Amino acid sequence: MTPSQVVLHIVTQLDGVVPKTSWGETSLFYNPGLRLPHGVYFCTIKDHDGANDRASQLDRPGVFRVAIGLSGPTYLQLFGPKPKRPEKGGVVNLRHDFTALNQLMPHPVYAWMGWAQILSPTREVFAEIFPCIEEAHWSAVRKFNQKVYAG
């Protein structure tokens with residue numbers, strides 16, 4: 001798959017998704033009707049390293065990251081307890097090869113927040129992990145509804 005194919009699949013399969021590209025990555029927000037200034041963020045697609053995020057070596061040809069905001073229970077079920085927050089420019093203290101392709105694993109910087117990553121997924125593996133993206137989307141839907149309809 002390519003980054004644009006991943007974005008297209010998510011946008012066409014899940015309701016209310018608004019992609020925004022900034023700083024060279026595409027962030028996916030739940031924001032039907034653009035009711036919030038930014039919506040609720042649940043997934044990103046990135047194809048290059050950043051100043052504080054080089055652990056996955058995204059600057060390799062054809063490599064990109066799909067990052068997913070998992071629920072606490074799903075993160076725990078998949079990976080165990082969340083790690084401590086790394087220092088600025090650091091990575092979480094976990095025993096993962098953050099450069100491995102086509103494997104769902106904790107995000108090297110944001111695992112402490114419950115985020116996971118998969119680098120350059122094949123169509124088959126993307127289909128297998130898509131329920132995680134759907135769950136992140138439903139979490140964004142709940143947060144959106146709380147923001148828009150609370151009060």
Evaluate the following for T122: is it modelled with pLDDT of 95 or more, among the hydroxyl-bearing types (S, T, Y), touching an Asp or Glu at 6+ places or on another chain (Cβ under 7 Å) and under 24 Å from Q13 (Cα atoms)? no
Which of the residues spanning the stretch 96-111 are surrounded by fewer than 18 Cβ atoms within 10 Å (Cβ to Cβ) and either small (G, A, S) or without any contact (Cβ under 8 Å) to a residue 12 or more places away in the chain (or both)? D97, A100
Does Y149 satisfy the criteria of being exposed (fewer than 13 other Cβ atoms within 10 Å of the Cβ) and aromatic (F, W, Y)? yes
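For S120, indicate whether it is crowded, with 16+ Cβ neighbours inside 10 Å and of a type in the set (S, T, Y).
Working: crowded, with 16+ Cβ neighbours inside 10 Å: yes; of a type in the set (S, T, Y): yes.
Here the answer is yes, as S120 does meet what is asked.
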Check off (1) within 17 Å of F79 (Cβ to Cβ); (2) assigned to a helix (DSSP H, G or I) for H137 and give me the number that stays unchecked. (1)
Which residue, of K88, K84, is outside any strand (DSSP E or B), more than 15 Å from S139 (Cβ to Cβ) and modelled with pLDDT under 95? K88
Cβ-Cβ below 6 Å, separation at least six or inter-chain, first residue in the stretch 3-21 and within 12 Å of K46 (Cα to Cα), second surrounded by fewer than 14 Cβ atoms within 10 Å (Cβ to Cβ): which pairs? none
Could you say whether any residue in the stretch 54-65 is in contact with a helix residue (DSSP H, G or I) (Cβ under 8 Å, 6 or more places away or on another chain) and either under 15 Å from C132 (Cβ atoms) or among the basic types (K, R) (or both)? no
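I need the full set of residues from the stretch 75-93 which are free of Cβ contacts under 8 Å to residues at least 24 places away in the same chain and exposed (fewer than 15 other Cβ atoms within 10 Å of the Cβ), in order please.
If we filter the stretch 75-93 for residues that are free of Cβ contacts under 8 Å to residues at least 24 places away in the same chain, which is where we start, we get 76-77, 80-81, 87, 90, 92-93.
The answer is L76, Q77, G80, P81, E87, G90, N93.
The values are calculated or read from the model by the stated rules, or taken from the named source; none is laboratory data. Just so we're clear, the structure is a prediction, and the values are computed from it rather than from any experiment. Every residue, glycine among them, receives a Cβ derived from its backbone with ideal geometry; neighbour counts consider all protein chains shown.
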